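The values are calculated or read from the model by the stated rules, or taken from the named source; none is laboratory data. Everything quoted here is computed from the prediction, not taken from an experiment. With ideal geometry, Cβ positions are generated from the backbone for all residues, glycine too; neighbour counts draw on all protein chains shown. Areas reflect the complete protein model, heavy atoms only, side chains present, ligands, DNA and RNA absent. Shrake-Rupley method; radii C 1.70, N 1.55, O 1.52, S 1.80 Å.
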Amino acid sequence: MKTVIVSVGTDHHPFDRMLQWAARAQREADVRFIVQRGATAPLDGVESFDYVPAPELEARMRSADAVVCHGGPGTIGLCHSAGQRPIVVPRDPELGEHVDDHQMRYSSKLAAEGVIDIASSCDELIALLMAERVRPSNDATNVGQAVEEFAALADALLAGDLPKRSLRERLVFRRSP
């Protein structure tokens, strides 16, 4: 039986869809899910915990047969650091899972680059879990580092910590080819 670690991240929005998919996949495939569920309520029949420190989550990911996660850059980077090519289920703002669609856009970009797989339905998740999957090579740490750097920039942008450009800098930038 495969052991699958699932991480929904630390966002305050619940991600019920992920736990429902895990419950169904567990019934239909020969897999055992262990879910880091964050703010999402526990679901009967699915082993879960709310939060653990990143080093412990990385260790769990490293020993798992597969990892499924939300589309957060930090979590995707953690998966790569653990030597895993994650199956990503991006949070959908239309379902109340996040404030915007950045996870969907970011995940699509990484899937196009071939560094993650996206599951857009529970059937796709089950198919990806049943497929023979190859772990990334050691150079995947470069991708993980890039993801971590992007996450830090996104956090700084959202916190308003990035320096503002002067009017002159904005006008010069706009006219540049």
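A few points about this structure:
- Solvent-accessible surface of the stretch 1-117, averaged per residue with a 1.4 angstrom probe and all protein chains in place: 43 square angstrom.
- Within the accessible area of the stretch 1-79 (1.4 Å probe), percent carbon and sulfur: 50
- Unit charges on C-beta of K, R, D, E only; dipole of the stretch 1-116, Debye: 320
- Förster-model FRET efficiency, 25 Å R0, Ala59 and Ala111, C-beta, rounded to 0.05: 0.45
- Computed lengthening from Arg32 to Leu157, 0.36 nm per intervening residue step minus Cα-Cα distance: 41.2 nm
- Modelled label positions at Leu95 and Ala146, each set 7 Å beyond Cα in the direction of Cβ, lie 2.7 nm from each other.
- Protection proxy ranking, peptides 95-103, 33-41, 46-54, average beta carbon neighbours within 10 Å, highest first: 33-41, 95-103, 46-54
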